[in-house]
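The structure under discussion appears below in the form of structure tokens.
The values are calculated or read from the model by the stated rules, or taken from the named source; none is laboratory data. Values in this document were obtained by computation on a predicted structure and should not be read as measured data. As a convention, Cβ positions derive from the backbone with ideal geometry for all residues, glycine included, and neighbour counts pool all protein chains shown. Accessible surface is based on the protein model in full, side chains and every heavy atom, while ligands, DNA and RNA are left aside. Shrake-Rupley method; radii C 1.70, N 1.55, O 1.52, S 1.80 Å.
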Amino acid sequence: MSGLLLKDIDLDLPYYENKTSIKELINIHEKDAILLDYEMNWKEKRMNFRNEIRCIADLYLHHLGKFQTQETKKIMINCVERVHNNEIRNCDGFTEVEVEFDFRTYTEFEKEEKKKFILEKLYEGVLKVGEAYKWEIPILNLAYQKVIEANYKNEYVWKQKVSPSRKYTAEIFCQHDIDNYTVTMNIKVRSTDELLKSELLIVEKPNEFAFVKHLGNLKWITNTEVVFSNKNKTKQCLVCIE
């Protein structure tokens with residue numbers, strides 16, 4: 001396999017059977033009891049975890065840049081209570097690796113400490129894969145250091161547009177945090193960069209599947225009115241200077 005671009009790095013919280021809970025589900029077939037235990041005790045915290053890690057995973061991948069590999073296009077880092085399999089598993093360009101993860105400790109952290117913990121575990125998993133595949137470790141480390149230098153903040157201007165009069169600039173400013181993804185429109189005086197107006201437009205779950213659909217188009221319709229629309233053009237936000 002050759003010429004692959006590493007497009008995604010993700011962390012998961014694989015299901016761990018609660019034997020005590022399953023045994024308490026009397027008069028239910030074991031498979032049904034396991035499924036019920038997952039729905040009741042694991043699914044929600046797994047989905048919340050998958051959402052929370054995305055801001056740091058995306059930020060690390062951004063700083064890593066276009067990283068060409070011979071082996072994989074996605075790394076899935078399975079966060080487990082105890083590593084039982086040190087093998088790097090690869091199937092059709094999808095690589096899985098396990099790292100030890102204390103979920104109880106993680107849940108006790110404040111937001112900023114969670115981000116630091118996520119980065120450490122992400123980097124631990126990436127290093128395992130990089131060493132196994134003989135990648136250039138300094139490149140992996142540089143992306144890790146850049147996330148720290150950015151103070152773990154994943155924020156950027158998604159799009160800018162100049163008004164027809166050339167006096168103003170409208171920009172869509174996105175902040176990808178651990179608990180939400182926000183989209184704000186900022187309007188500035190083009191010549192001085194003075195902020196005239198800032199309006200919060202969207203607050204969404206911090207997962208690409210939830211927020212990417214909102215990032216459609218930015219268009220001035222007059223010299224003082226600008227419209228932000230979603231991808232399907234089914235929703236529009238109008239912001240006026242005056």
* Asked: Somewhere in segment 147-158, is a residue surrounded by 16 or more Cβ atoms within 10 Å (Cβ to Cβ), under 20 Å from GLN236 (Cα atoms) and at pLDDT 95 or above?
  -> no
* Subset of segment 61-84 (residues that are part of a strand (DSSP E or B) and under 20 Å from the mean Cα position of the chain (by Cα)) -> LYS74, ILE75, MET76, ILE77, ASN78, CYS79, VAL80
* One residue from ILE56, ILE77, ILE9 being modelled with pLDDT of 65 or more, within 30 Å of THR182 (Cα to Cα), touching a Gly at 6+ places or on another chain (Cβ under 7 Å) and not hydroxyl-bearing (Ser, Thr, Tyr) -> ILE77
* Asked: Which one of these does GLU242 not meet: (1) part of a loop (DSSP other than H, G, I, E, B); (2) open to solvent by less than 20 Å² (accessible area, probe 1.4 Å); (3) out of contact with any Lys or Arg (no Cβ under 9 Å at 6 or more places or on another chain)?
  -> (2)
* **ASN186 vs. criteria of a type in the set (S, T, N, Q), out of contact with any strand residue (DSSP E or B) (no Cβ under 9 Å at 6 or more places or on another chain) and either part of a strand (DSSP E or B) or under 30 Å from CYS79 (Cα atoms) (or both)** => no
* Residue tally, condition basic (Lys, Arg) and open to solvent by less than 70 Å² (accessible area, probe 1.4 Å), over segment 89-108 -> 1
* Is at least one residue of segment 205-217 more than 30 Å from LYS115 (Cβ to Cβ) and among the acidic types (Asp, Glu)? -> no
* Given the structure, is ILE75 touching a Cys at 6+ places or on another chain (Cβ under 8 Å), under 30 Å from GLU44 (Cβ atoms) and open to solvent by less than 70 Å² (accessible area, probe 1.4 Å)? -> no
* Structure fact -> In segment 52-72, anything touching a Leu at 6+ places or on another chain (Cβ under 8 Å) and surrounded by 14 or more Cβ atoms within 10 Å (Cβ to Cβ) is listed as ILE53, ILE56, ALA57, TYR60, LEU61, HIS63, LEU64, PHE67, THR69, GLU71, THR72
* Residues satisfying the stated conditions in segment 194-220, i.e. open to solvent by 50 Å² or more (accessible area, probe 1.4 Å), farther than 30 Å from LYS111 by Cα and touching a residue at least 12 places away in the same chain (Cβ under 8 Å) -> LEU196, ASN217, LYS219
* Asked: Is it the case that segment 128-151 has a residue that's closer than 17 Å to ILE53 by Cβ, not in a helix (DSSP H, G or I) and not β-branched (Val, Ile, Thr)?
  -> yes
* **SER163, sole failed condition from (1) farther than 26 Å from LEU59 by Cα; (2) crowded, with 18+ Cβ neighbours inside 10 Å; (3) without any contact (Cβ under 8 Å) to a residue 40 or more places away in the chain** => (3)
